[in-house]
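The values are calculated or read from the model by the stated rules, or taken from the named source; none is laboratory data. Given the structure is predicted, the values throughout are model-derived calculations rather than measurements. We place every Cβ from the backbone using ideal geometry, glycine too, and count neighbours over all the protein chains shown. In case anyone asks, the SASA skips ligands and DNA or RNA and just uses the protein heavy atoms, side chains included. Shrake-Rupley method; radii C 1.70, N 1.55, O 1.52, S 1.80 Å.
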Amino acid sequence: MSAIKSIGFIGLGNMGGPMALNLVKGGFAVTAFDLSADACATAKAGGCAIATSVADAVAGKDAVVTMLPAGKHVRGVYGGEDGVIANAKPSALFCDCSTIDVQSARAVASDAVAAGFSMVDSPVSGGVAAAQAGTLAFMVGGAEADFALAEPVLTPMAKAVIYAGDAGAGQAAKICNNMLLGITMIGTAEAFVLADKLGLDRQRFFDISSKASGQNWSMTSYCPVPGPVPTSPANNDYKAGFAAAMMLKDLRLAQDAAQTSGAATPLGAEAQALYAMFENLGGGSTDFSGIIQMLSGEMTGKG
Ligand code: NAD
């Protein structure tokens, strides 16, 4: 395949919108499509050509990048006679950057490869700020040759592009990582709640635990109490950041995968239950570190 120059980009939401603009800045000719007219207008102002449909966006393009909410959207956009697979240029590269279930990722990749295309699942770590700054971390699943094709496409949006393994491995890495993140956030929040009850100063507890064996990212980079880490959402009234509803979505994907694969993940299941409770109490749009308000008893519920 010749070098990739033209890209069809589908899904211009909170993440996809700024990602498409970074591809334009990276020198690609980007043709974008979203169901939202406002999202299309923003992309146009940033230098994208606007398509009228998925088929129109992908026709004749060297590569297709998608950033959609969930597995059903990805299956819908790639499948069917109006979809990506039926309308893309022969042997084009597809990169799906959405966070979706492993089974959907493998099924779509298998259909794409059977039809002669290259495809990777390439979900991201990092939120809207990283999407804007072009500093996302991509976890990539697919054939190694397809990873080599995808790397230069993903690089203008990335601080890191990491190969995870065969089709679906990018999604697997993403949900395993986020299950661990959900668990460590709850554990860190519980430790601060107990420290409060014991009359231990929060900053002193942070200074000790961040250098002791309790150290973890949820404490040292995203501390759930205000003070110790000035950039953490706790200092901004738990404004997301990474919304609790999104964490719950990823924890559900992890539990679905655990059931399908037979893995025992009791703490992941508990984390899912606690985030579902937090969402039911009105915390869905709060940053996921805000779960400390439920654990500490400060939250009485809005529903
Ligand atoms: P979003 O809801 O803001 O954007 C999704 C976009 O897809 C919307 O603009 C919607 O109109 C569009 N869309 C849906 N169906 C479509 C279709 N058939 N054709 C064209 N466009 C369609 O979501 P987001 O926050 O941008 O997240 C996208 C993905 O990235 C999700 O899978 C999410 O889990 C993942 N993610 C998000 C974050 C974050 O912080 N927001 C971080 C990491 C990963």
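Just give me the residues in region 195-232 being of a type in the set (Ser, Thr, Tyr) and over 28 Å from the mean Cα position of the chain (by Cα), in sequence order. Show your work before the answer.
First, the residues of region 195-232 that are of a type in the set (Ser, Thr, Tyr): 209-210, 213, 218, 220-222, 231-232.
Within region 195-232, Ser209, Ser213 qualify.
Would you pick out the residues in region 191-227 that are in contact (Cβ under 8 Å) with a residue 40 or more places away in the chain and either open to solvent by 40 Å² or more (accessible area, probe 1.4 Å) or out of contact with any helix residue (DSSP H, G or I) (no Cβ under 7 Å at 6 or more places or on another chain) (or both)? Talk me through it step by step, then tell me what you get.
Taking region 191-227 and keeping what is in contact (Cβ under 8 Å) with a residue 40 or more places away in the chain, we get 192-193, 196, 218, 222-225.
Passing the criteria: only Asp196.
Scanning region 152-162 for residues that are out of contact with any Lys or Arg (no Cβ under 9 Å at 6 or more places or on another chain) and open to solvent by less than 70 Å² (accessible area, probe 1.4 Å) yields a total of 6. Answer yes or no: is there a residue in region 262-272 that is touching a helix residue (DSSP H, G or I) at 6+ places or on another chain (Cβ under 7 Å) and open to solvent by 60 Å² or more (accessible area, probe 1.4 Å). Yes, region 262-272 contains a residue that is touching a helix residue (DSSP H, G or I) at 6+ places or on another chain (Cβ under 7 Å) and open to solvent by 60 Å² or more (accessible area, probe 1.4 Å).
Applying the criterion of being open to solvent by 50 Å² or more (accessible area, probe 1.4 Å) and within 10 Å of the ligand (Cβ to nearest atom) to the residues of region 43-72, the residue that is nearest to Asp250 (Cα to Cα) is Pro69. Within region 73-111, take every residue that is open to solvent by 40 Å² or more (accessible area, probe 1.4 Å) and within 9 Å of the ligand (Cβ to nearest atom) and give me the one that is farthest from Pro123 (Cα to Cα). So, considering only residues that are open to solvent by 40 Å² or more (accessible area, probe 1.4 Å) and within 9 Å of the ligand (Cβ to nearest atom), the one farthest from Pro123 (Cα to Cα) is Gly76. Under the condition of being within 19 Å of the chain's Cα centre (by Cα) and either under 16 Å from Val193 (Cα atoms) or touching a residue at least 60 places away in the same chain (Cβ under 8 Å) (or both), the residues counted in region 251-289 number 11. The number of residues in region 1-60 being under 20 Å from Pro152 (Cβ atoms) and touching a Lys or Arg at 6+ places or on another chain (Cβ under 7 Å) comes to 7.
Looking for something within 28 Å of Asn14 (Cα to Cα) and in a loop (DSSP other than H, G, I, E, B) - is there at least one such residue anywhere in region 241-259? If you could, list the steps in order and put the result at the bottom.
At the first step, the residues of region 241-259 found to be within 28 Å of Asn14 (Cα to Cα) are 241-257.
Subsequent filtering for residues that are in a loop (DSSP other than H, G, I, E, B) retains 241-242.
The answer is yes; a qualifying residue exists.
A single member of Ala148, Ala129 is within 16 Å of the ligand (Cβ to nearest atom) and farther than 20 Å from Val74 by Cβ, and it is Ala129.
Selection of region 24-37 for residues being more than 9 Å from the ligand (Cβ to nearest atom) and within 20 Å of Pro69 (Cβ to Cβ) yields Ala32, Ala37. Condition check: in a helix (DSSP H, G or I) and within 16 Å of the ligand (Cβ to nearest atom). Does Val120 satisfy that? Spelling it out, it is not the case that Val120 is in a helix (DSSP H, G or I) and within 16 Å of the ligand (Cβ to nearest atom).
For Thr188, the test of being of a type in the set (Ser, Thr, Tyr), open to solvent by 80 Å² or more (accessible area, probe 1.4 Å) and either outside the structural domain of Ser104 (by TED's automatic domain parsing) or at pLDDT 95 or above (or both) is failed.
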